[in-house]
Every structure is written in structure tokens, then in C-alpha cells.
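Step one of this worksheet: look at the structure below.
Where a number appears in this text, it was derived from the coordinates with a stated rule and is not lab data. Everything quoted here is computed from the prediction, not taken from an experiment. Please note: Cβ atoms are built from the backbone with ideal geometry, for glycine as well, and neighbour counts cover all protein chains shown.
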Amino acid sequence: MLTVKTLYATDPEAAKRYDTAELREKFHVPAMFAEGEIRLTYTHYDRMIVGGAVPAGKELTLDAVAECGTDTWLARREAGILNIGETGSVAVGGETYELANGDVLYIGMGAGPVTFSGAGRFYIVSTPAHQTYQTTLARPADANEVKLGSAETSNDRTIYQFIHENGVKSCQLVMGYTKLHGGSVWNTMPAHTHDRRMEAYLYYDVAEGQCVFHFMGQPQETRHLVMHSEEIVMSPPWSIHSGAGTGSYTFCWAMAGDNMAFTDMDMIPVEELK
Ligand SMILES: O=C[C@H](O)[C@@H](O)CC(=O)C(=O)O
Ligand SMILES: [Zn+2]
């Protein structure tokens, strides 16, 4: 079963006036992971699609998506698939890839239908593409590791870059995840923006009874959204994206836009945030 929602983009002047419910309606993407289903959100942020496939022991095939207006969803798109569950398989282009927890499969443009099976919980991110790059399975050992933060500032964490300039090649998708280390709860503080790229965060491995306060908005107009495990939040290009958990967690970040330079960020000094 496939369900697709559409999420339109919001400008910063409108966002200033949103109350909690409107803010959540416009930026928060909940409930994309449902057993036996593929659920997608077609966003108007660089036309990034985000969603989940949970085959729960059966087979789920993702082929045409009406919102894309093409015969198959990847006809003019590329995708990154992250498994946040137990081991499962992704079959595409006549090959079957086994994804353990934390593995990422890049799928190039024109690969055709994609079939999910096994015990995986697959996070799907897809962006428009205009050239085919090699479909590639990357495991955590293949990722580029960047250690950031420290225990003193409660943000000791490791960034794992999978699909990026110096890793698995893509047209525009940049994707990986960040793990917080014991006792650290803050991600991406000091915060940054990058108006040339949008970003989506999927928070997961948030323990039962815990949550993450995700901060967004222009640097002098910040707002927060309370995030539970396996929930997605869209970060418009004009917004900061940072979070503080009531416990530790992991989050997957994915970006699309004008460049793929991970370190191209406009840093906001903490004393300038409002
Ligand atoms: O533009 C890059 C993204 O915001 C994230 O990769 C940041 C992040 O994972 C972190 O600081 O922990
Ligand atoms: Zn960012």
C-alpha cells in the first residue's frame, strides 16, 4: 500500500506567525513508518521526497508515484535508502542488496521499481537527478567519519557521511547520519543556515518516553518542534536546524540544492540567536 502526501514550501515571513499546530503542519512529517506500507511525502523543498517503507516480512514495491508525473518514480530521480530497523533487502535493477541497520543504499536515476523486504525499516529520500550514477551499497565502515563537539558542551557526536562529494557519488543528494555519544544531547549548536541547500532531519533511536526539541526558524526568530522517534522535520533553506534531546538519539540528515559542499555553512554565533 502506497500513500503520498504533498507538503508545500513556506516563506519565512509566513512562518513567523505560525502557532504550534501550524508550525507542525508545515514542517513536521510524522507517521511515515507503518508496517506493511510505503508512505511518502512529496515536498516542494527542492522536490525532495521523504518517507518510509516497512515491509514487515512481506514485499513492498515502489514503482510509479503519480506526484512525479513519470512512468516510474526514479525516471528522473535518484534516491538514498537508510535502514533504521533490522536486516532487510532492497531489490532494484536486477540486484538484491542486503541492508543491515545503519547501511545506506544509493540508487541512481532510471533504476526502475524498487522492492523492499525483510525486517528492515527503510527511510527513503529522493531528489531530482539528470544523470545516472552507480547504484551503491555503503556500510558504516565505508562512511567518512567526522567527530564534532565535546562532552563539556553536551554535543559530543560522530557524523557519518555516506552520499557526499568524496563518497558515494550523486547528482545532488547529500546524506548521512549523526550519532550522539553518551550524555550528549545537542546537535548542530552553534547553529547554521545554508540558503543554497534545504535539509531534512529524521530523528530515530529516541528511547521510549524521551523526545528531541528541534529548533528551526531564521536565526533571530527561532521556534521549536517536539520530535518523537522516527519523525521527520523539513528544514527550509532559510532556517537553522538543531536539536536537544531529553536523552541520546540518532538523526539522519539529507540535503539538496545548489551545491554539495557539506562544510559550506553560514555559522550563527550563539550570542546572536533569538
Ligand atoms: O549541514 C549539515 C547538517 O546540518 C548536519 O549534518 C549537521 C549535523 O549532523 C551535526 O552537526 O550533528
Ligand atoms: Zn545543515
Exercise for the section: Calculate one ³J(HN,Hα) per residue across the stretch 161-170 by plugging θ = phi - 60° into the Karplus curve 6.51 cos²θ - 1.76 cosθ + 1.60, and present them in order as whole Hz with x for glycine and proline. Expected result: 9, 9, 9, 6, 3, 10, x, 5, 7, 8
Practice task
Report relative contact order for the chain in percent, whole number only (criteria: Cα-Cα under 8 Å, sequence separation at least 6).
Solution key: 17 percent
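Kindly state, to the nearest 0.05, the FRET efficiency for K169 paired with R76, given R0 = 25 Å and r defined as their beta-carbon distance. Let's see the in-between values first.
On the way: r = 17 Å, r/R0 = 0.70.
In this case the efficiency is close to 0.90.
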Handout entry: Inter-probe distance in nm under a simple model that places probes 7 Å from Cα toward Cβ, at E59 and S150
Key = 5.4 nm
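Chymotrypsin sites (Phe, Trp or Tyr not before Pro) within the stretch 4-55: which are DSSP loop residues with at most 10 other Cβ atoms inside 10 Å?
Details: sites: Y8, Y18, F27, F33, Y42, Y45; in loops: Y8, Y18, F33, Y45.
Here the chymotrypsin sites (Phe, Trp or Tyr not before Pro) that fit, given the DSSP loop and packing criteria, are Y8.
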Fill in the blank from the handout: Given the candidates I84, T41, Q134, the one whose Cα lies deepest towards the positive end of the charge dipole of the stretch 2-138, counting +1 at each Lys or Arg C-beta and -1 at each Asp or Glu C-beta, is T41
Completion exercise
Whole-Hz Karplus couplings 3J(HN,Hα) for the stretch 192-200, θ = phi - 60° and coefficients 6.51, -1.76, 1.60, Gly and Pro as x, run 8, 10, 8, 4, 7, 9, 8, 8, 10
Problem - Over 15 Å [Cα-Cα, the stretch 86-193], rounded percent - result: 68 percent
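Divide by every residue of the chain the summed helix terms, -39500 (n - 2.57) for each DSSP H run of at least 4, and state the resulting mean residue ellipticity at 222 nm, rounded to the nearest 500 deg cm²/dmol. Before the final figure, lay out the partial values.
Working: 2 runs with 12 residues, N = 274.
The helix-only estimate for the chain comes to -1000 deg cm²/dmol at 222 nm.
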Problem - Share of alpha-carbon pairs per 10 Å distance bin for the stretch 144-272, given as whole % - result: 13, 46, 36, 5
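Per 0.36 nm of contour for each residue apart, how much would the distance between V226 and D266 grow if the chain were fully extended, relative to their Cα-Cα spacing? It would help to have the intermediate numbers written out before the result.
Working: separation 40, 0.36 × 40 = 14.40 nm, distance 2.47 nm.
So the extension gain works out to 11.9 nm.
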Practice task
Could you state, as a whole-number percent, how many of the C-alpha pairs of the stretch 2-138 are farther apart than 21 Å?
Solution key: 41 percent
Problem - Whole-percent pair-distance distribution, where bins are 5 Å wide, for the alpha carbons of the chain - result: 1, 6, 13, 18, 21, 18, 12, 7, 3, 1, 0
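Can you tell me the relative contact order of the stretch 144-272? Whole percent, Cα pairs under 8 Å, sequence separation 6 or more. Before the final figure, lay out the partial values.
Values: 327 pairs, mean separation 39.7, N = 129.
After rounding, I find 31 percent.
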